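For reference, the structure discussed in these notes is given below.
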Amino acid sequence: MSLEVEILKPAIGAKVYLDRSMIGDPAVSEELLGLLEKHTVLVFPRIGLTDEEQLALTDALGERVNVAAQVPGKSDASAVYQVTLDKDAGIEPEYVWGTFFWHMDGLTVDVPPPKATILSARRLSQKGGQTEFASTRTSYEALPTDEKADLEGLRVVHTVTAAVREVAPAEELDEARRSLSHEHPLVWTRSNGKKSLLIGYTGDRVVGMNQAEGRALLARLLEWTAQPAFSYRHQWEEGDCVVWDNTCALHRVLPYGEQSGRMMHRTTIAGVEAVT
Ligand SMILES: [Fe+2]
């Protein structure tokens, strides 16, 4: 099996012409995992998955995980998470507004960060709503040697309050979310020897540095990683599905309005490698 692939950016992103009937074929799954490893972001243009098909794709690529249900008190959350600002959908808007800012999923809890996230475009906004991805692996690799040496051994505390600090004061969060916090190395050395940065708006402070120095370092690394050489902006079309490697990529959405009707369906694949 050889899928038709079109490179979007050298550092990140490939378009893959996947047919829905191929989902679940072990050879296709293996090829997709190889492409994900190589390109970090895979776009399946206008594939038009149903929730069932999206869950089948999720299961074909790894172990499905219900991230929303990991938050204390939210154990009944659906495995297909609706990302929308529509108040009728019963979501927490400050959490969705938090997606306007660069982040990696799952850094504030003590479980291996999700291996991948899958997003399907159900309804688009007229304006905004593009999703951007930035490779924390290629951005790390491109750092000067002396800067890489300076980062070795540093650790960062990631919190939900930091993730939403631009959109909601900590006291507005429910207690369960406010208390979510986890410490990670700034540079993650993977079992395959590759290194990537663990950064994003969840990064609250660098252990052992004063707040200004630590946050300035994190902000600078974020700006470095977000530059066009390491990032890809996806202009959604209805029915598009995108899967990205959450262990070596940041993502954010360009702002869209509360009344836009934008609706994305998200599923998550469990992490298989703990951060050490
Ligand atoms: Fe996210």
If we keep just the residues of the stretch 219-246 that are open to solvent by 10 Å² or more (accessible area, probe 1.4 Å) and of a type in the set (S, T, N, Q), which is nearest to the ligand (Cβ to nearest atom)? Ser231
Only one of Thr50, Thr40 that is modelled with pLDDT of 95 or more and under 19 Å from Thr131 (Cβ atoms): Thr40
Residue pairs within 6 Å by beta carbon, gap of at least six or interchain, first lying in the stretch 255-266 and more than 15 Å from the ligand (Cβ to nearest atom) and open to solvent by 40 Å² or more (accessible area, probe 1.4 Å), second of a type in the set (A, V, I, L, M) and assigned to a loop (DSSP other than H, G, I, E, B), listed first then second, are Glu258/Leu85
If a residue has to be touching a residue at least 24 places away in the same chain (Cβ under 8 Å) and out of contact with any strand residue (DSSP E or B) (no Cβ under 8 Å at 6 or more places or on another chain) to count, how many in the stretch 157-186 make the cut? 10
Would you confirm whether or not the stretch 36-45 contains a residue that is surrounded by 18 or more Cβ atoms within 10 Å (Cβ to Cβ), of a type outside the set (A, V, I, L, M, F, W, C) and within 23 Å of Thr136 (Cα to Cα)? yes
Could you say whether any residue in the stretch 174-182 is modelled with pLDDT of 95 or more and small (Gly, Ala, Ser)? no
Is the stretch 85-103 home to any residue that is open to solvent by 20 Å² or more (accessible area, probe 1.4 Å), β-branched (Val, Ile, Thr), assigned to a helix (DSSP H, G or I) and modelled with pLDDT of 85 or more? yes
Of all residues in the stretch 197-218, how many are at positive phi and open to solvent by 70 Å² or more (accessible area, probe 1.4 Å)? 1
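The values are calculated or read from the model by the stated rules, or taken from the named source; none is laboratory data. Not measured: the values here are computed from a predicted model. Cβ sites come from the backbone with ideal geometry, for glycine too, and all protein chains shown count toward neighbours. Please note that ligands, DNA and RNA were not included when accessible areas were found on the heavy atoms of the full protein model with its side chains. Shrake-Rupley method; radii C 1.70, N 1.55, O 1.52, S 1.80 Å.
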